[in-house]
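Working notes, structure below.
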Amino acid sequence: MATMDSSTALLGLLGTGSGYGYDLKHDYDKHFGSEKPLAFGQVYATLARLLKHGLIELLGDEAGGGPDRKRYEITEAGRERLEEWLFSADVPSASLQSNLFAKTVIALLLGDDAARLLDLQRAAHLERMRELTRRKLGADLGTILMCDHALFHIEADLRWIELTSARLSELGEEVTR
């Protein structure tokens, strides 16, 4: 599953209207940062990169109680980049490499208990599913949909774990040949 591109998400937030870094950070966290909020330093570094690449422009500085506040606005090039990002399909599982698959093969190569590894992973997946299901209770629609997305991916992983568990002997023979 691809990770979210925070720089393009910030660009998208600026697409709704000009804003300050502080406000953009809070908007990002509100919509996308429930699991991992952005650090202020990451927001300002991202804004500096977007500015350098001509995707946003600085509207000006405003004096406040602390450091001057900088107001940013998306440029036409930024809108084009945003549209390109919005309407290009994400590649599902671009890589065939999986950490869990690698652990399974290494366990087999080392003569370790690969079934135990898969059992531990299954338990961790099921616990995460319980957490996400609890989180959905009384949540807003955005949170429910994010949790459902994660749950469906976990279900796919669990199907893979079951299939691999059923074929461990065969895989073990293949990798140790």
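Being surrounded by fewer than 11 Cβ atoms within 10 Å (Cβ to Cβ) and not assigned by TED's automatic domain parsing to the domain that holds ASP29 is true for just one of LEU109, LEU120, LEU141. Which residue is that?
LEU141
Could you list, in sequence order, all residues of region 25-56 that are within 29 Å of ARG135 (Cα to Cα) and touching a residue at least 24 places away in the same chain (Cβ under 8 Å)?
Within region 25-56, HIS31, PHE32, SER34, LEU38, GLN42, VAL43 meet the criteria.
Report the residue count in region 1-38 for those that are under 15 Å from the mean Cα position of the chain (by Cα) and not in a helix (DSSP H, G or I).
Residues meeting the conditions: 12.
Residues are listed down the side, and each one gets a yes or a no for (1) exposed (fewer than 12 other Cβ atoms within 10 Å of the Cβ); (2) touching a helix residue (DSSP H, G or I) at 6+ places or on another chain (Cβ under 6 Å):
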| site | (1), (2) |
| --- | --- |
| ALA102 | yes, no |
| ASP113 | no, no |
| LYS136 | no, yes |
| ILE154 | no, yes |
| SER169 | yes, no |
| GLU174 | yes, no |
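Just to be sure I understand the filter: pairs with C-beta atoms under 9 Å, separated by 6 or more residues or on different chains, first member in region 156-177 and assigned by TED's automatic domain parsing to the domain that holds ARG116, second member of a type in the set (Asp, Glu) and surrounded by 11 or more Cβ atoms within 10 Å (Cβ to Cβ). Which pairs pass?
Correct list of pairs: ILE161/ASP119; SER165/ASP119.
The values are calculated or read from the model by the stated rules, or taken from the named source; none is laboratory data. Just so you know, these numbers come straight off a predicted model, no measurement behind them. Ideal geometry is used to build each Cβ from the backbone, glycine not excepted, and the neighbour counts take in all protein chains shown.
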